[in-house]
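Peer 1: Submitted below is the structure of interest, expressed as structure tokens.
The values are calculated or read from the model by the stated rules, or taken from the named source; none is laboratory data. Note that the structure is a prediction, hence the values are computed from the model and not measured. Neighbour counts run over all protein chains shown; Cβ positions are idealised from the backbone, glycine included. Heavy atoms of the whole protein, side chains included, go into the accessibility calculation; ligands, DNA and RNA do not. Shrake-Rupley method; radii C 1.70, N 1.55, O 1.52, S 1.80 Å.
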Amino acid sequence: MTRNERLILGIAVGASFVAFMNNTIITVALPKITADLGGGLTGQQWMINAYLVTLGSLILVAGSVSDVLGRGVVLRAGLAGFALASVAITLAPTVEMMVAFRALQGAAGAFLVPTSLALITSTFRDAAQARAIGVWTAITSMASIVGPVLGGVLSDFLSWRWAFIVNVLPIAIVLLLSRMVKLRDKPPGGRVDILAALLCAFGLGGLVTALIEGPSQGWTTPLVLSCLIAGGALFSSFLARQRYGARPIVPLELFRRRNFWSGNLATVFIYAALSLNGFVLAIYLQQYVGLSATTAGLASLPMTIIMILASSSIGSLSGRFGPRVFMTAGPIMMALGSLLFLAVSADFNYWQQVLPAVIVFGAGLTVTVAPLTSAVLGSVPSERSGTASAINNAVARLSSLVVVSMLAVIVGGQIDLSGFHRAAVVTAVLLSAGALVSWVGIRPMVDPPALSDATVTAEPCTASDIPVAVGVSRADPRPA
């Protein structure tokens with residue numbers, strides 16, 4: 001790599017690292033936050049979902065904005081907003097304020113991961129791009145180590161509030177790096193459709209709120225019904241505007257590309273499973289097994305070590321042999337790992353009951369993530385990199401939101417041993433569905449054809465990209 005390429009990869013990794021670390025920190029810190037602020041299981045769900053509501057509502061808009069205004073401008077704005085929201089979270093006096101500040105953090109987070117991956121795909125192409133995505137996956141996976149361990153240590157020995165203020169330091173470093181590299185900040189001639197952006201944000205916001213509140217309040221209550229109707233109407237208007245408008249935020253013709261739609265459909269199942277597994281495992285180990293936040297954070301350490309060691313190689317292999325086999329075998333391995341969690345019993349033993357499942361699950365995750373990202377991003381032309389990246393991130397985040405909002409139904413009301421086992425089975429089913437979609441839908445990688453002339457005129461060429469956030473996981477993400 002040239003110096004400029006190394007800096008760009010470092011910026012992309014750093015921006016995503018902050019978002020992924022935040023997702024793992026909040027999961028481990030939830031019991032301490034609840035003990036301090038109250039809120040119970042409902043409060044815990046909303047601390048996760050408030051972030052996902054605003055992120056899911058704005059992420060498509062953010063992708064289009066990055067295509068028009070440039071990656072550097074959008075990335076810096078997202079980082080600054082994320083830092084301010086993190087500081088506000090540390091000062092939250094009530095669970096309601098905590099949820100509100102998490103919503104602000106999600107709004108800023110909408111501009112981070114899609115834009116950071118757009119930087120990679122606008123800089124690297126073909127096999128070099130697959131390797132760069134592998135490096136990005138490996139290094140950002142360190143967030144899955146740093147987040148739980150750092151969040152657990154700070155929660156146990158200082159306060160959960162310190163677990164959020166630590167976001168500020170890496171953000172400052174990334175902002176400094178972004179000033180040391182030349183980025184194409186303003187592509188010529190582009191413009192954001194403000195009306196479409198508003199229709200998208202409020203439409204998705206209404207639908208997401210209904211999905212969250214529906215399982216708990218009932219689908220026929222006034223709040224849920226009004227959100228469903230208003231959100232559905234607004235988002236339908238948004239889609240109509242994308243079909244007939246001059247400057248679409250989401251060019252619908254992207255969904256005619258087989259690897260794009262099938263990769264996004266696989267993302268739905270795989271990232272829903274990742275979020276479910278990460279959330280339930282962290283809560284069960286602390287609240288029912290009695291592990292400290294630090295120990296619970298370390299429980300998934302082998303999974304992340306596997307990703308760090310092997311993701312770069314898997315990215316390179318995917319670039320050579322294509323993503324289909326990896327995207328099929330990986331989720332199957334993860335499903336087997338999830339079923340191994342059924343060995344957990346009332347007589348808890350981490351080494352015999354949890355570690356084997358974590359290792360198998362982590363190996364499958366490593367085989368899956370970089371090829372999945374490459375499959376989706378390699379199916380689109382470079383001029384729609386930010387938009388395509390945002391679509392895939394939105395799919396990953398919204399699938400996480402839906403599965404977390406249905407948590408009470410999945411676990412049977414509480415995350416005890418029976419609920420933990422039920423979640424493991426549901427996770428395995430979701431991953432099996434992701435493997436099936438990948439095998440049937442993904443085809444060998446070819447250079448994507450250009451967009452239609454009208455679309456290219458409407459949205460000028462900038463880059464090529466599509467992300468996956470390991471959310472939780474995330475694998476956000478994206479993942480949390």
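Matching residues to (1) modelled with pLDDT under 80; (2) surrounded by fewer than 24 Cβ atoms within 10 Å (Cβ to Cβ); (3) touching a Ser or Thr at 6+ places or on another chain (Cβ under 8 Å); (4) over 19 Å from L112 (Cα atoms):
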residue	(1), (2), (3), (4)
N392	yes, no, yes, no
G413	yes, yes, no, yes
R422	no, yes, no, yes
W439	no, yes, yes, yes
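Peer 1: With R131, R161, R125 as the choices, which residue is of a type in the set (D, E, K, R) and at pLDDT 75 or above?
Peer 2: From the options R131, R161, R125, the qualifying one is R161.
Peer 1: Looking for something closer than 25 Å to V402 by Cβ and open to solvent by less than 20 Å² (accessible area, probe 1.4 Å) - is there at least one such residue anywhere in region 288-298?
Peer 2: Looking through region 288-298, at least one residue is closer than 25 Å to V402 by Cβ and open to solvent by less than 20 Å² (accessible area, probe 1.4 Å).
Peer 1: Return the only residue of S432, S405 being touching a Pro at 6+ places or on another chain (Cβ under 8 Å), at pLDDT below 90 and polar (S, T, N, Q).
Peer 2: S405
Peer 1: Continuing with this model, one more query. Would you confirm whether or not region 188-196 contains a residue that is assigned to a helix (DSSP H, G or I), at pLDDT 75 or above and either buried (at least 22 other Cβ atoms within 10 Å of the Cβ) or of a type in the set (K, R) (or both)?
Peer 2: Yes, because at least one residue in region 188-196 is assigned to a helix (DSSP H, G or I), at pLDDT 75 or above and either buried (at least 22 other Cβ atoms within 10 Å of the Cβ) or of a type in the set (K, R) (or both).
Peer 1: Can you name the residue in region 73-122 that is open to solvent by 30 Å² or more (accessible area, probe 1.4 Å) and of a type in the set (F, W, Y) and, of all such residues, is farthest from the chain's Cα centre (by Cα)?
Peer 2: F101
Peer 1: Here's a follow-up. Which ranges mark the helices (runs of 4 or more DSSP H) fully within region 286-366 that have 2 or more residues being basic (K, R)?
Peer 2: By residue number, no helices (runs of 4 or more DSSP H) qualify.
Peer 1: For L37, are the conditions met, namely being open to solvent by less than 30 Å² (accessible area, probe 1.4 Å) and not acidic (D, E)?
Peer 2: no
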